[in-house]
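First comes the structure, then the notes that go with it.
The values are calculated or read from the model by the stated rules, or taken from the named source; none is laboratory data. These numbers were taken from a predicted model, which means no experiment stands behind them. Here the Cβ positions follow ideal geometry from the backbone for every residue, glycine too, while neighbour counts run over all protein chains shown.
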Amino acid sequence: MESFFRKGSHTLHFNMASVDSQADVNFNGINLYGFCSGILGEVESLWNFAKCFVGGLSDHTHLPIIGSHVPHY
C-alpha cells in the first residue's frame, strides 16, 4: 500500500514474480483508490458513511448510539 499526499505524477514499480499474479493483473488490472478532496475530506466522508449504519447495531432500543433505532439525522 502506498500513500501519496501531493498531487502530480507518481511512478510505481511492481514485482510480480509469479505467473498467477501476472495473470491477475492482466485480467483485473490494477485497482487504485484516489481521494480528490484530500485526506480530511475523505475522513469526513467515511464518518458520514459510518453514521448511516449506526443505530442498528444492537437489539436494545435504550442504548443511545448503537441501540436499534432510527438516528435523528
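Residues that are assigned to a helix (DSSP H, G or I), surrounded by 10 or more Cβ atoms within 10 Å (Cβ to Cβ) and either among the aliphatic types (A, V, I, L, M) or at pLDDT below 80 (or both) are absent from region 55-65 altogether.
Counting only residues that are modelled with pLDDT under 80, in a helix (DSSP H, G or I) and not hydrophobic (A, V, I, L, M, F, W, C), which one in region 18-47 is farthest from residue 5 (Cα to Cα)? Looking at the filtered set, the residue picked out is 28.
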